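What follows is a single structure, written as structure tokens, with notes after it.
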Amino acid sequence: MQIVVCLKQIPDLQQIRIKRDSREPVLEGVPLLFGDMDKNALEEAVRIVEKEGGKVTALALGSPKLRDTIKEALAMGADEAVILTDPAFQGSDTVTTAKILAKAIEKIGPYDLILCGEGSTDNYSGQVPSRLAEILGLPQVTYVRQLEFTEGGLRATRDMEEALEIVEVPLPVLVSVTSEINEPRLASMIQILRAAKKPLQEWSAEDLGLSAAEVGKEASSLEIISNLAPEQERKNVTLEGEVDEVVEQLIDALTREGVIAR
Amino acid sequence: MAEILVFSEKDEIAFELLSKGRELKEGLGLGLAAALLGQEVEGRSGQYFSYGAEKVYLGESTLLADFYVEIYAQALQRMAEEGGAQILLLGSTKRGKELASRVAQKLGAGCITEAIDLRLEGGGLVADRYALGGNTVASQVIKTERKVIAVMPKTFEALPLEAGKGQTVRLELELPEPRVRVVERRAKEGEAVDIEEAETLVCIGRGLGAEEDLGMIWELAAALGAEVGCTKSPASDYGWLSEERIVGLSGKKCNPRLYLGIGISGQIQHTVGILGSKIIVAINKDPQAPIFKIADYGIVGDLYEVVPRLAERLTTP
């Protein structure tokens, strides 16, 4: 089973601060890591290969910090990794990201399964899996919370709003997973040390046969006009005192606000 | 005339989008059309006219009886090309999101999913969506000629017209057999609960120590006439509550008049779902918990003392 797992390097969302006056997010110095559901996708791939044999290739597009970030994917059990850190790729949107990833997947070679998270933890647009499947001419099975192999294909349980939908599909196929599918492992120290020896390749736009004009910000389909924290005007009243007192104060306040009936 | 094309697998969402489309088409000088896809759909076209569709494309095929995104994307692409659609408005349901992305790729279009607002600014169409895990709201413009936008359900109000009529256009679609096959559909275990509709919402997080402690939370909710929601962990990791009760990025977005967060630290993945609350109350023993920053009223204290006392005071006159 040849599996490619696509991962996105994102800022640690808990560590983003907001400038009080301008409401701008501060991203400088915020550590980068892989999205939660990307790790679920990787975990699933590693479990499949542990059972069925084969190879897991981790694939990620992002800043040069990926050279560090990707080590976690290798430590978690990917057999090899490809990172796409060409400065020409910077500012890519879902259109150019899918284009670049598709080229890289074709260069990686024959595959049975492409695994992604259902969305990235930062923007959650969920576009890349669908776009990738379209470019590669693959069927797609999204929102998967359970996966098993059958003769010549796989059976997946999709987590839809009202129902679980069980589907069957032949390989090769692109699958996106939800966080319910598994609990990603924490790499052990030995695995982290071994990760350093695993094959890691770094490909540029040129390596993928793409010109700088076809990728990155210029070729992106979106323009971001503003990106600010939503205005939240809250009262920020802290109620202090013994339990009985604060409960009384709270009930008084909520009654005044007209949000509880007394 | 070039047009705005509306589609959702859920009629009520399509009606919301048509209602907004009526406003947008004036500013953009476009027509307003809707797509109906399925095995037999013609009967529904009248309702679509009554929400403002001037034209309804009918795509009827046994291959459209089940929602297969590849096939639906192909049918929708055909309709977009037939009428020269410049803007496709879809519902940002799970199916709508994957369809929007796949049809956008077919059309060479830029796409925005999970839009929470749409407006015309300087003659262009601007969409807002949450970014950076809900830390920010990004206002975005799509630069490609064709634009695909999936809008969150209930973003716009569905407003029927007094009288509406239009033209139906039946398209002969050449569709392939789906490669994916649904073998079973199973209703989700759990309950029919709609926390998005709750006027008062009590939410719990990791601060609640054990499943048994839910008892006092339900008592408080009963005293307030509230629904109970939660962060991701109590539902997904511990299974104490059904997943329909998760509030936040991976769950529901709620706009209650009163929200009470109990033992919730206030991670952005949860709080993005409560920003529309009129009043936010937080009870947490950690004074540094980020939830206090977005709270109107905060109690730094032990929830095991505060919650029972609050419930008691609310039930005894």
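Take each residue of peptide A:240-249, count the partner chain Cβ atoms within 10 Å of its Cβ, and average: the result is 5. Dividing the convex hull volume of the alpha carbon atoms of the protein assembly as shown by its residue count gives 167 Å³ per residue.
Build a GNM of chain A with springs between Cα atoms under 10 Å apart, and of A:Val144, A:Val246, A:Val215 the one that fluctuates most is A:Val246.
Take the convex hull of the alpha carbons in region B:195-315; its mean projected area over all directions comes to 6.2 nm². Its Kirkwood hydrodynamic radius, worked out from the mean inverse distance over all distinct Cα pairs, puts region B:119-173 at 15.0 Å. Dividing the convex hull volume of the alpha carbon atoms of region A:1-149 by its residue count gives 117 Å³ per residue. Across the cross-link table entries B:Lys10/B:Lys188; A:Lys39/A:Lys197; A:Lys39/A:Lys99; B:Lys20/B:Lys97; A:Lys103/B:Lys94; A:Lys217/B:Lys154, which are compared at the Cα atoms, the separations over 24 Å belong to A:Lys103/B:Lys94; A:Lys217/B:Lys154. Kirkwood-type hydrodynamic radius, chain A: 20.6 Å, calculated from all non-identical alpha-carbon pairs.
Sparse packing (at most 11 other Cβ atoms within 10 Å of the Cβ) combined with a DSSP loop state is found for the following GluC sites (Glu not before Pro) in region B:191-249: B:Glu191.
Per the Cα gyration tensor, region A:129-224 maps to an equivalent ellipsoid with semi-axes of 29, 24, 15 Å, ordered largest to smallest. Taking A:Asp21, A:Asp159, A:Asp112 as the candidate residues, the one with maximal mean-square fluctuation in a Gaussian network model of chain A, Cα springs under 10 Å, is A:Asp21. In this Cβ point-charge picture (+1 for Lys and Arg, -1 for Asp and Glu), chain B has a dipole of about 780 debye about its Cα centre.
Of the residues A:Asp79, B:Asp128, the one with the fewest other Cβ atoms within 10 Å heads the list, and the complete ranking is A:Asp79, B:Asp128.
Across region B:142-198 the C-alpha pair distances fall into 5 Å bins from zero in the proportions 4, 8, 7, 9, 16, 19, 17, 16, 5, 0 percent. What is the ratio of the Cα radius of gyration of region B:1-104 to 2.2 N^0.38 Å, with N the residue count, to two decimals? Normalised Cα radius of gyration, region B:1-104: 0.96. In this Cβ point-charge picture (+1 for Lys and Arg, -1 for Asp and Glu), region B:1-71 has a dipole of about 260 debye about its Cα centre. Structural size metrics of chain B, computed from C-alpha coordinates, are Rg and Dmax of 22.6, 69 Å. Within region B:118-266, all pairs of alpha-carbon atoms sorted by distance into 5 Å bins from zero give the percentages 2, 7, 11, 13, 13, 12, 12, 12, 8, 5, 3, 1. Comparing B:Ala210, B:Ala235, B:Ala226 in a Gaussian network model of chain B (Cα springs below 10 Å), the most mobile by mean-square fluctuation is B:Ala210. In chain B, the longest principal axis of the Cα atoms and the axis of helix B:303-315 are about 80 degrees apart.
Take the Cα of A:Arg47, step 7 Å along the line toward its Cβ, and report every residue of region A:166-188 whose backbone nitrogen sits under 12 Å from that point. Counting backbone N atoms under 12 Å from the label point, the list is A:178-185.
Under the combined filter of DSSP loop state and at most 15 neighbouring Cβ atoms within 10 Å, region A:172-262 retains these GluC sites (Glu not before Pro): A:Glu231, A:Glu233, A:Glu240, A:Glu242. In degrees from 0 to 90, rounded to the nearest 10, what is the angle of the helix B:69-82 Cα long axis to the longest principal axis of chain B? Between the helix axis and the principal axis of chain B, the angle is about 50 degrees. Spin-label model, B:Val193 to A:Leu32: label points 7 Å out along the Cα-to-beta-carbon direction sit 4.0 nm apart. Against chain A, whose longest principal axis comes from its Cα atoms, helix A:243-257 is set at around 90 degrees.
Every number here is computed from the coordinates shown, using simple stated rules; none is lab data. Quick caveat, the model's predicted, so the values are computed rather than measured. All Cβ positions, glycine included, derive from the backbone under ideal geometry; neighbour counts span all protein chains shown.
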